[in-house]
Number of protein chains: 4
Amino acid sequence: SRFEYVKQFELEDILLPRCWIVIRLDGKGFTRFSEKHSFKKPNDDRALLLMNRCAVEVLREFQDIRIAFGESDEYSFVFSKTSTLYGRRSSKLVSLVTSCFTANYVRWWPEYLPSQPLQSTPVFDGRAVCYPSDEILRDYLSWRQADTHINNQYNTCFWALVHSGKSHTEAQERLKGTLTEHKNELLFSEFGISYTKLPAMYRKGSVVIWSQELKTVKHTEDGTPVQRKVCEPLVCHDDIIGEKFWLSHQEILKC
Amino acid sequence: SRFEYVKQFELEDILLPRCWIVIRLDGKGFTRFSEKHSFKKPNDDRALLLMNRCAVEVLREFQDIRIAFGESDEYSFVFSKTSTLYGRRSSKLVSLVTSCFTANYVRWWPEYLPSQPLQSTPVFDGRAVCYPSDEILRDYLSWRQADTHINNQYNTCFWALVHSGKSHTEAQERLKGTLTEHKNELLFSEFGISYTKLPAMYRKGSVVIWSQELKTVKHTEDGTPVQRKVCEPLVCHDDIIGEKFWLSHQEILKC
Amino acid sequence: SRFEYVKQFELEDILLPRCWIVIRLDGKGFTRFSEKHSFKKPNDDRALLLMNRCAVEVLREFQDIRIAFGESDEYSFVFSKTSTLYGRRSSKLVSLVTSCFTANYVRWWPEYLPSQPLQSTPVFDGRAVCYPSDEILRDYLSWRQADTHINNQYNTCFWALVHSGKSHTEAQERLKGTLTEHKNELLFSEFGISYTKLPAMYRKGSVVIWSQELKTVKHTEDGTPVQRKVCEPLVCHDDIIGEKFWLSHQEILKC
Amino acid sequence: SRFEYVKQFELEDILLPRCWIVIRLDGKGFTRFSEKHSFKKPNDDRALLLMNRCAVEVLREFQDIRIAFGESDEYSFVFSKTSTLYGRRSSKLVSLVTSCFTANYVRWWPEYLPSQPLQSTPVFDGRAVCYPSDEILRDYLSWRQADTHINNQYNTCFWALVHSGKSHTEAQERLKGTLTEHKNELLFSEFGISYTKLPAMYRKGSVVIWSQELKTVKHTEDGTPVQRKVCEPLVCHDDIIGEKFWLSHQEILKC
Ligand SMILES: Nc1nc2c(ncn2[C@H]2C[C@H](O)[C@@H](COP(=O)(O)OP(=O)(O)OP(=O)(O)O)O2)c(=O)[nH]1
Ligand SMILES: Nc1nc2c(ncn2[C@H]2C[C@H](O)[C@@H](COP(=O)(O)OP(=O)(O)OP(=O)(O)O)O2)c(=O)[nH]1
Ligand SMILES: Nc1nc2c(ncn2[C@H]2C[C@H](O)[C@@H](COP(=O)(O)OP(=O)(O)OP(=O)(O)O)O2)c(=O)[nH]1
Ligand SMILES: Nc1nc2c(ncn2[C@H]2C[C@H](O)[C@@H](COP(=O)(O)OP(=O)(O)OP(=O)(O)O)O2)c(=O)[nH]1
Ligand SMILES: O=P(O)(O)OP(=O)(O)OP(=O)(O)O
Ligand SMILES: O=P(O)(O)OP(=O)(O)OP(=O)(O)O
Ligand SMILES: O=P(O)(O)OP(=O)(O)OP(=O)(O)O
Ligand SMILES: O=P(O)(O)OP(=O)(O)OP(=O)(O)O
Ligand SMILES: [Mg+2]
Ligand SMILES: [Mg+2]
Ligand SMILES: [Mg+2]
Ligand SMILES: [Mg+2]
Ligand SMILES: [Mg+2]
Ligand SMILES: [Mg+2]
Ligand SMILES: [Mg+2]
Ligand SMILES: [Mg+2]
Ligand SMILES: [Mg+2]
Ligand SMILES: [Mg+2]
Ligand SMILES: [Mg+2]
Ligand SMILES: [Mg+2]
């Protein structure tokens, strides 16, 4: 038709080949959303496990993802640097990953927060970022995990103070300027909390990788199980800043 | 931290100021999704009304949207050319609109298709396109509505033939090369269907605009209702190709 | 060859269709360059006329240019909003226009500054900007011409003060905070300069448009001259902020 | 002024950090330009040496360039992957490098082609391409040098045939489908030309790198020369496809 020329206004937005592609999602206004749904402070297991479930579903849908990292209301998905999914079109990748994550968040909500009906619609923003080398990609992931630690340590202190009777302002004042080293002391001396004994999911965030498992896919006529290697997303809470993780999971960065 | 430099790899993706911004969503693999969920062919009212509901919710969330148009598994949202929402960052707008739409799709699914539980997770892609003038924006909307007509006319013929006993291939053969003018004749002479009497939603798609309504917001002590003008999204199925619609809704393009 | 894959790293950089494209050039380090070549202060006719000559040559090379505006060490070239030159690829347009301008600057230098050999290589930067409507394009051109006025008025005062014996710092101090209205008074009362009588080229900059001229292209056998309308770039110094110019040159914005 | 808002239409075009930036220039319409200026076929030393001189001047101007490669009417300049020159703005780098090269081309033309006055203005296009790793950058440079070989071998055969009396079409026909291996044979058997004995500049193109030289910068009072290490651009015609070059010039890729 004579209107078809408008298609030409769609400009290409291809991401540079051979770079790692990170799609990072973040909940829109989750400060409010978490309050409205009475998320436990500072960490609500149900909410975090729901986030992880969504990430697992995203990996199942987009097999070019090598690793994902989540904390709080955000998740980062790392596409292989050699991926050519959707011709590496930025909008396609950003929108599809965000949509898939969001759909799963609503779909599985009742399974993770059965006592808490949805009061409003959860929405996530998304963006694509390219990282040209393995080192810089690792620095990206380290950045997110270091952030997890800093935020969680602060929040743990803050809510311990608040739960002990302090006002929000008092808690804030008390923590202003404290070094990260002193916060663990404060937690232990004032509240008997050993920070390192808190669940790894709070302290380290969640890492999703592919795990090869032997699965029984059928049985032969005489009942012998037939097994096949299948790849399944696996959630862990490992340290991804140090070398150890990467030495034991060299397949993640291999291309 | 020493990792923060990775933030610099996030490149700006601002959409040209003073252009109309269209965010178009489209269901991923809805050929399969609609079959799996037994959508009526060629048009399933429940599915279309759910799409419209999602669009209404998107307008409620993003008040800078001036008009939206939907058909089949797609929806286009037009942001005001003067909008500065999220600094006109493309990824923000694309991802948030797509996420909001998707979340509502899953959330309200049981209300629109109560007898049909979700078998898989619906996912939408999204993209942003800029249109520099009112005329070109109107051409864009005309393009989508003309497409609705062409597809619906074809599909109506196709499924009428199939429901009358023809195979898919036979139906396809029968329609190959028929002009749009002849398809209405075929429908009438062979199946007694007056194309123009089919529901406007099938033929014209769905248009969402803002409607000013007088709403009773509270009552004074003596019981007098207090009314206020409120803007509410309104779904209609008007022709948006001709002049008439735009003459009666001049506020849509006004900036 | 096995190396050809590297071509894929060239990403598309197409400028939005149906927008006016402005390519603006600006001399690199011309503060230094103009001193080194003893440009007259604040305006050197030879340098300005050379700039205009280059602009004329650029128009001759790129016939999709509708209008150009120059002042000081900069020039803006406006490509028709319907131009599809080089598929509207940004780098192509920016680099070719900049290159063409620069080549002419060096080529014609000896003609405009015969007594002044080149001491160093003049270099220009370039950029592309899209403007979605005629109004905004006109505002762009007004912006540049208003800037010309402001700079020229200031510079005229500044150098008048300096030539009258003040130091640079004293001249600067004297002008700090003076309103644009007062500067003309100062020029008149202290130096007898009627600002509005200064050459239009200094006050308004230079505008290049296409002029249709009747040109004798050959003579018939009996000596009768054969004339043809030819388009030639024409330099003027008109006001392009007001309506008048645009009313008399409606062809510029016509598409 | 009220026009300043137009500045906002300048959109950011920053090149991904930590990637090698290649700015490649190519002569516009040099098929015609080289004929008009009677360039020797297939290689004109004067023209090639002028290109190299321009490249040397570009390196002198932009010290973040690590290596450049030129052949025919094109030159590629490789900026360090850690360069932050002009904030890595694509248009700035493309336009400035193209402008600098072009200005030098016109400026030094009379020195390299003294007997051949410029008949028309030479113009170059430019583009920026990012390469995320050292390997891919080397593949880029290999791509250009392999291209040099293929083109030069073909052109040498073609012009030998033409100079021996064949028409252009006959020469073309004769060469159609010949493998690269057979072309050297043809040259030797029919024209007695040992391809490998042709000047390296024709076969390998030109490479510009930085060379550290000891330069006498002044003399002390008693006449002792004071020497300092200075970096100067150096043109060579080495093979840059194999390992050898890179082993002896490890500083090029070091960051
Ligand atoms: N209580 C509670 N709150 C959480 C939990 N996870 C995330 N949140 C809340 C804490 C933060 O206020 C918020 C995440 O911070 P953001 O910087 O993303 O802010 P927010 O989402 O409000 O704004 P945004 O739209 O992202 O700019 O989500 C949780 O497990 N429990
Ligand atoms: N039966 C039925 N199918 C529908 C209805 N609305 C949309 N669909 C189906 C028909 C088409 O096969 C499909 C939309 O076409 P698309 O071109 O978007 O294809 P699809 O979503 O399969 O692939 P895509 O991922 O968008 O490339 O959705 C409906 O109301 N009833
Ligand atoms: N004396 C004299 N100087 C001029 C004339 N035209 C331009 N200039 C000088 C005055 C300014 O210092 C300079 C233009 O200002 P810019 O803002 O473009 O600065 P400049 O080129 O030094 O730096 P840039 O590389 O553009 O950031 O050129 C002229 O006709 N006479
Ligand atoms: N005779 C001669 N010609 C040369 C020499 N170096 C380059 N050329 C010519 C041969 C080619 O026709 C032309 C370079 O090929 P291009 O593919 O760049 O084509 P051209 O510049 O004509 O078109 P373009 O504007 O780049 O698309 O320049 C030389 O040393 N001698
Ligand atoms: O943590 P981010 O990257 O989301 O940082 P922000 O401050 O929320 O910024 P924005 O989402 O606007 O990029
Ligand atoms: O109708 P569209 O624009 O989605 O067209 P398409 O053929 O699906 O193409 P794509 O979604 O890959 O842009
Ligand atoms: O006048 P401009 O636009 O060149 O402004 P600037 O301050 O020189 O900035 P830049 O050239 O770095 O865009
Ligand atoms: O050799 P190139 O990259 O210049 O290839 P081209 O065929 O000239 O294409 P372009 O239009 O990108 O200059
Ligand atoms: Mg954010
Ligand atoms: Mg958030
Ligand atoms: Mg967050
Ligand atoms: Mg599509
Ligand atoms: Mg679809
Ligand atoms: Mg569709
Ligand atoms: Mg500047
Ligand atoms: Mg300048
Ligand atoms: Mg300037
Ligand atoms: Mg080319
Ligand atoms: Mg060329
Ligand atoms: Mg070439």
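The values are calculated or read from the model by the stated rules, or taken from the named source; none is laboratory data. Remember, predicted model here, so these are calculated numbers, not experimental data. Every residue, glycine as well, gets a Cβ built from its backbone with ideal geometry; the counts of neighbours run over all protein chains shown.
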Practice problem: Among the candidates B:112, B:131, single out the residue that is in contact (Cβ under 8 Å) with a residue 12 or more places away in the chain and within 15 Å of ligand 2 (Cβ to nearest atom). | Solution: B:112
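Mind telling me which of the residues D:200, D:146 ends up being in contact with a Phe, Trp or Tyr (Cβ under 7 Å, 6 or more places away or on another chain) and more than 14 Å from chain A (Cβ to nearest Cβ)?
Values: D:200 fails: in contact with a Phe, Trp or Tyr (Cβ under 7 Å, 6 or more places away or on another chain).
Exactly one residue qualifies, and that residue is D:146.
Can you tell me which residue is surrounded by the fewest Cβ atoms within 10 Å (Cβ to Cβ) among those in segment C:117-126 that are touching a residue at least 40 places away in the same chain (Cβ under 8 Å) and within 7 Å of chain D (Cβ to nearest Cβ)?
Filtering segment C:117-126 down to residues touching a residue at least 40 places away in the same chain (Cβ under 8 Å) leaves C:118-120, C:122-126.
When the remaining residues are screened for being within 7 Å of chain D (Cβ to nearest Cβ), the result is C:118, C:122-126.
On the way: C:118: 17, C:122: 22, C:123: 25, C:124: 27, C:125: 22, C:126: 28.
The extreme case among them is C:118.
In this structure, does residue D:89 turn out to be surrounded by fewer than 23 Cβ atoms within 10 Å (Cβ to Cβ), of a type in the set (Lys, Arg) and out of contact with any Asp or Glu (no Cβ under 7 Å at 6 or more places or on another chain)?
Values: surrounded by fewer than 23 Cβ atoms within 10 Å (Cβ to Cβ): yes; of a type in the set (Lys, Arg): yes; out of contact with any Asp or Glu (no Cβ under 7 Å at 6 or more places or on another chain): no.
So residue D:89 does not fit the description; no.
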Quiz prompt | In segment D:78-90, residue nearest to ligand 7 (Cβ to nearest atom) [restricted to those that are away from every other protein chain (no Cβ under 11 Å) and touching a strand residue (DSSP E or B) at 6+ places or on another chain (Cβ under 6 Å)] | solution = D:79
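Taking the condition of being among the small types (Gly, Ala, Ser) and in a helix (DSSP H, G or I), how many residues in segment C:229-255 meet it?
Keep residues of segment C:229-255 that are among the small types (Gly, Ala, Ser), which gives C:242, C:248.
Still in the list and also in a helix (DSSP H, G or I): C:248.
Of the residues in segment C:229-255, 1 are among the small types (Gly, Ala, Ser) and in a helix (DSSP H, G or I).
Is it the case that residue B:114 is more than 7 Å from chain A (Cβ to nearest Cβ), surrounded by fewer than 17 Cβ atoms within 10 Å (Cβ to Cβ), outside any helix (DSSP H, G or I) and not hydroxyl-bearing (Ser, Thr, Tyr)? Full working, then the answer.
On the way: more than 7 Å from chain A (Cβ to nearest Cβ): yes; surrounded by fewer than 17 Cβ atoms within 10 Å (Cβ to Cβ): yes; outside any helix (DSSP H, G or I): yes; not hydroxyl-bearing (Ser, Thr, Tyr): yes.
Here the answer is yes, as residue B:114 does meet what is asked.
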Quiz item: Of these, D:19, D:54, which one is more than 26 Å from residue D:113 (Cβ to Cβ), modelled with pLDDT of 95 or more and either within 16 Å of ligand 8 (Cβ to nearest atom) or not aromatic (Phe, Trp, Tyr) (or both)?
Solution: D:19
Exercise. Go through segment B:150-196 residue by residue and tally those that are in contact (Cβ under 8 Å) with a residue 12 or more places away in the chain and charged (D, E, K, R).
Key: 3
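Which one of these is over 26 Å from the mean Cα position of the chain (by Cα) and either surrounded by 10 or more Cβ atoms within 10 Å (Cβ to Cβ) or not in a strand (DSSP E or B) (or both): A:208, A:226?
Details: A:208 fails: over 26 Å from the mean Cα position of the chain (by Cα).
Exactly one residue qualifies, and that residue is A:226.
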Quiz item: From the list C:59, C:96, C:16, which residue is among the hydrophobic types (A, V, I, L, M, F, W, C) and within 16 Å of ligand 20 (Cβ to nearest atom)?
Solution: C:96
Self-check item: Residues of segment C:41-64 that turn out to be in contact (Cβ under 8 Å) with a residue 40 or more places away in the chain and touching a Leu at 6+ places or on another chain (Cβ under 8 Å), as a count
Solution: 3
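Among the residues of segment C:12-26, is there at least one that is without any contact (Cβ under 8 Å) to a residue 24 or more places away in the chain and either more than 30 Å from residue B:15 (Cα to Cα) or not hydroxyl-bearing (Ser, Thr, Tyr) (or both)? Steps first, answer last, please.
First pass over segment C:12-26, keeping only residues without any contact (Cβ under 8 Å) to a residue 24 or more places away in the chain: none.
No: zero hits.
Might you check whether a residue that is facing chain D (nearest Cβ under 10 Å), modelled with pLDDT of 95 or more and either crowded, with 23+ Cβ neighbours inside 10 Å or within 16 Å of ligand 8 (Cβ to nearest atom) (or both) occurs anywhere in segment C:66-77?
So in segment C:66-77, the residues facing chain D (nearest Cβ under 10 Å) come out as none.
No, there is no match, as no residue in segment C:66-77 is facing chain D (nearest Cβ under 10 Å), modelled with pLDDT of 95 or more and either crowded, with 23+ Cβ neighbours inside 10 Å or within 16 Å of ligand 8 (Cβ to nearest atom) (or both).
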Exercise. For segment A:154-168, state whether one or more residues are surrounded by 12 or more Cβ atoms within 10 Å (Cβ to Cβ) and in contact with a strand residue (DSSP E or B) (Cβ under 6 Å, 6 or more places away or on another chain).
Key: no
Practice problem: Go through (1) surrounded by fewer than 19 Cβ atoms within 10 Å (Cβ to Cβ); (2) within 30 Å of residue D:16 (Cβ to Cβ); (3) touching a residue at least 12 places away in the same chain (Cβ under 8 Å) one by one and return the number of the condition residue B:7 breaks. | Solution: (3)
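May I ask you to verify whether residue C:213 is over 26 Å from the mean Cα position of the chain (by Cα) and either closer than 30 Å to residue C:81 by Cα or part of a helix (DSSP H, G or I) (or both)? Write out each step before concluding.
Numbers: over 26 Å from the mean Cα position of the chain (by Cα): no; either closer than 30 Å to residue C:81 by Cα or part of a helix (DSSP H, G or I) (or both): yes.
No, not satisfied.
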Quiz item: Taking the stated definitions as given, is residue B:122 touching a Ser or Thr at 6+ places or on another chain (Cβ under 8 Å), modelled with pLDDT of 95 or more and not aliphatic (A, V, I, L, M)?
Solution: yes
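Would you check which residues across segment C:91-104 are more than 7 Å from chain D (Cβ to nearest Cβ) and more than 10 Å from residue D:121 (Cα to Cα) and list them?
Our first condition is that a residue be more than 7 Å from chain D (Cβ to nearest Cβ); within segment C:91-104, this holds for C:93, C:97, C:101.
Scanning segment C:91-104 gives C:93, C:97.
Considering each of D:53, D:107, D:46 in turn, give the residue that is of a type in the set (Lys, Arg), out of contact with any strand residue (DSSP E or B) (no Cβ under 8 Å at 6 or more places or on another chain) and more than 13 Å from every other protein chain (Cβ to nearest Cβ).
On the way: D:53 fails: more than 13 Å from every other protein chain (Cβ to nearest Cβ); D:107 fails: more than 13 Å from every other protein chain (Cβ to nearest Cβ).
Within the list D:53, D:107, D:46, the selection yields D:46.
Looking at D:104, D:151, which is the one that is under 26 Å from residue D:46 (Cα atoms), touching a Cys at 6+ places or on another chain (Cβ under 9 Å) and either modelled with pLDDT under 95 or not aromatic (Phe, Trp, Tyr) (or both)? Spell out the reasoning first.
Details: D:151 fails: touching a Cys at 6+ places or on another chain (Cβ under 9 Å).
The unique qualifying residue is D:104.
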Practice problem: Kindly establish whether residue D:58 is touching a helix residue (DSSP H, G or I) at 6+ places or on another chain (Cβ under 9 Å) and within 16 Å of ligand 19 (Cβ to nearest atom). | Solution: no
Quiz item: What pairs come up if the first residue lies in segment B:80-94 and is within 16 Å of residue A:13 (Cα to Cα), the second is charged (D, E, K, R), and their beta carbons are under 7 Å apart, counting only those six or more places apart or on different chains?
Solution: B:89/B:13; B:90/B:13; B:91/A:127; B:91/B:13; B:92/A:125; B:94/B:127
Practice problem: Might you check whether a residue that is assigned to a strand (DSSP E or B) and either at pLDDT 90 or above or surrounded by fewer than 15 Cβ atoms within 10 Å (Cβ to Cβ) (or both) occurs anywhere in segment D:189-204? | Solution: no
Quiz item: Of the residues in segment B:127-136, how many are surrounded by 24 or more Cβ atoms within 10 Å (Cβ to Cβ) and more than 7 Å from chain A (Cβ to nearest Cβ)?
Solution: 1
Quiz item: Of all residues in segment D:1-43, how many are farther than 28 Å from residue D:136 by Cβ, of a type in the set (Asp, Glu) and more than 8 Å from every other protein chain (Cβ to nearest Cβ)?
Solution: 1
Practice problem: From C:31, C:82, grab the single residue that is more than 16 Å from ligand 8 (Cβ to nearest atom) and part of a loop (DSSP other than H, G, I, E, B). | Solution: C:82
